[in-house]
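J.: Below: one structure in structure tokens.
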Amino acid sequence: MRSEDIKSRKWTERDRQTLRRIAVRQGAADDSRINFKEIPRLTDEQLASMVRLRDARPRKVAVSVRLDAQVLEWLRSKGDGHLTRINDILTNLMEAEQRTPPGQ
């Protein structure tokens, strides 16, 4: 099926009602009909490689930072987005610290 097929499709009233019901469930974050038993568990490797998703519209402030040359080289070796990666690393550290009770 192509996007043109979807755009030119003639929707019946039953189709529209079904789509509305699905949209309402999705809007309400109703996951009660999902059968999680069919979804395989994540492996340790998959869990270890997970990263935090960034907010859609983050509020960022421009700053100047001095880094050790080897740190910058390592960040750049990971591919494009090394500045975003710095922010993600610091955000993850901040969130981990906020989850830790004081004095521990």
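Every number here is computed from the coordinates shown, using simple stated rules; none is lab data. Computed from a predicted model, the values in this text were never measured in an experiment. A quick note on method: Cβ atoms are made from the backbone with ideal geometry, for glycine too, and the neighbour counts reach across all protein chains shown.
J.: Using 0.36 nm per residue, how much length does the chain from residue 33 to residue 98 gain when fully extended, once their Cα-Cα distance is taken away?
T.: Values: separation 65, 0.36 × 65 = 23.40 nm, distance 3.43 nm.
Computed gain between residue 33 and residue 98 is 20.0 nm.
J.: Hey, another quick one. Please report Rg (one decimal) and Dmax (integer) in Å for the Cα set of the chain.
T.: Reported Rg and Dmax, both Å: 22.3, 64.
J.: Follow-up. What is the Cα radius of gyration of the range 65-104 over 2.2 N^0.38 Å, N being its residue count?
T.: Details: Rg = 13.0 Å, N = 40, 2.2 N^0.38 = 8.9 Å.
Normalised Rg, Cα atoms only: 1.45.
J.: Here is a follow-up. List the aspartates and glutamates whose alpha-carbon lies under 15 Å from that of residue 78, not counting same-chain residues fewer than 8 positions away?
T.: 88
J.: Between residue 63 and residue 48, what length comes free when the chain is fully extended (0.36 nm per residue of separation minus the Cα-Cα distance, one decimal in nm)? Walk me through the numbers before you get to the answer.
T.: Details: separation 15, 0.36 × 15 = 5.40 nm, distance 3.02 nm.
Between residue 63 and residue 48, full extension yields an extra 2.4 nm.
J.: Same structure, new question: Between residue 23 and residue 5, what is the label-point separation in nm under the 7 Å Cα-to-beta-carbon projection?
T.: 2.3
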